[in-house]
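For reference, the structure discussed in these notes is given below.
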Amino acid sequence: MTASEAIVKTYHGTLDGFFETGTEGVVWTIIRDPRPRWWMWAVALTTLVTELPKMVLSFEKEDWQARQHGYRAPASLLWRMKCHLRGALSGYADLVLIEHGDRLTVFGPDGETLFDGTIDCDFKAGWREYPLNPGHGQPCALGVWIHWTERGWEPDDWARLFFREDGPPLRAVIEKSGRGQVEEQDDDE
């Protein structure tokens with residue numbers, strides 16, 4: 001299959017600047033819109049069928065070991081199943097990374113198009129040296145470390161699409177073709 005024949009997946013949602021320990025900076029994402037109720041029931045049923053037997057065996061073993069020492073297992077089987085389902089129905093599964101080559105359309109609060117194009121990552125715009133590690137650094141926008149900015153945009157302006165000070169998050173549509181992330185630019189480019 002050639003790149004032009006790659007399967008395109010379309011996601012609708014809201015823009016988000018996601019970060020957590022280990023990302024070493026903000027990752028530009030879309031949080032997908034909530035899925036239909038039928039989808040949630042399908043995930044719940046699949047999870048019950050595949051995971052419940054394993055969870056029952058694990059819980060029975062832990063509960064038996066705990067009783068040998070005079071106390072009960074710390075979490076009930078029902079609580080464990082509820083946590084497992086919650087993770088299957090939300091969380092990371094709803095984050096869609098925005099990557100080089102993706103087609104992104106961003107809509108303003110009034111429905112006007114703020115950005116409509118193919119993502120072209122600029123890994124140098126906004127580059128700053130780390131305060132405690134001279135000679136090393138990464139891009140920065142609005143005072144936070146980021147990984148890239150859309151080529152041709154000022155880092156702070158691009159980041160404002162994701163970090164909204166006024167109003168709700170911006171709506172967006174992304175088309176992912178599966179072409180993957182571009183390698184970071186060399187110094188001589």
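The values are calculated or read from the model by the stated rules, or taken from the named source; none is laboratory data. Just so it is clear, the structure is predicted and the values come from calculations on it, not from any experiment. Here the Cβ is made from the backbone with ideal geometry for all residues, glycine too, and neighbour counts use every protein chain on show.
Determine whether Leu48 is surrounded by 12 or more Cβ atoms within 10 Å (Cβ to Cβ) and either at pLDDT below 85 or more than 13 Å from the chain's Cα centre (by Cα) (or both).
Working: surrounded by 12 or more Cβ atoms within 10 Å (Cβ to Cβ): yes; either at pLDDT below 85 or more than 13 Å from the chain's Cα centre (by Cα) (or both): yes.
Considered against the rule, which asks whether it is surrounded by 12 or more Cβ atoms within 10 Å (Cβ to Cβ) and either at pLDDT below 85 or more than 13 Å from the chain's Cα centre (by Cα) (or both), Leu48 comes out as yes.
If the Cβ limit is 9 Å and pairs must be 6+ apart or interchain, which residue in region 120-137 that is assigned by TED's automatic domain parsing to the domain that holds Arg103 pairs with which residue that is in a strand (DSSP E or B) and loosely packed, with under 12 Cβ neighbours inside 10 Å?
Hits for this filter: Glu129/Gly135; Glu129/His136; Tyr130/His136.
Glu99 fails exactly one of the following numbered conditions: (1) in contact with a strand residue (DSSP E or B) (Cβ under 7 Å, 6 or more places away or on another chain); (2) surrounded by 19 or more Cβ atoms within 10 Å (Cβ to Cβ); (3) in contact (Cβ under 8 Å) with a residue 40 or more places away in the chain. What is the number of that condition?
Of everything listed in (1) in contact with a strand residue (DSSP E or B) (Cβ under 7 Å, 6 or more places away or on another chain); (2) surrounded by 19 or more Cβ atoms within 10 Å (Cβ to Cβ); (3) in contact (Cβ under 8 Å) with a residue 40 or more places away in the chain, Glu99 misses just condition (1).
Quick check on Trp41: is it of a type in the set (Phe, Trp, Tyr), modelled with pLDDT under 65 and more than 15 Å from the chain's Cα centre (by Cα)?
Answer is no for this residue.
Does region 109-150 hold any residues that are under 21 Å from the mean Cα position of the chain (by Cα) and not in a strand (DSSP E or B), and which are they?
Passing the criteria: Ile119, Asp120, Phe123, Leu142, Gly143, His147, Trp148.
Please verify whether region 159-169 includes one or more residues that are in contact with a helix residue (DSSP H, G or I) (Cβ under 6 Å, 6 or more places away or on another chain), over 25 Å from Thr10 (Cα atoms) and either at pLDDT 90 or above or not hydroxyl-bearing (Ser, Thr, Tyr) (or both).
No: region 159-169 contains no residue that is in contact with a helix residue (DSSP H, G or I) (Cβ under 6 Å, 6 or more places away or on another chain), over 25 Å from Thr10 (Cα atoms) and either at pLDDT 90 or above or not hydroxyl-bearing (Ser, Thr, Tyr) (or both).
For residues in region 2-38 being among the aromatic types (Phe, Trp, Tyr) and not in a loop (DSSP other than H, G, I, E, B), which is modelled with the highest pLDDT?
Trp28
Can Gly108 be described as farther than 30 Å from Val49 by Cβ and either modelled with pLDDT of 90 or more or touching a Leu at 6+ places or on another chain (Cβ under 7 Å) (or both)?
Spelling it out, Gly108 is indeed farther than 30 Å from Val49 by Cβ and either modelled with pLDDT of 90 or more or touching a Leu at 6+ places or on another chain (Cβ under 7 Å) (or both).
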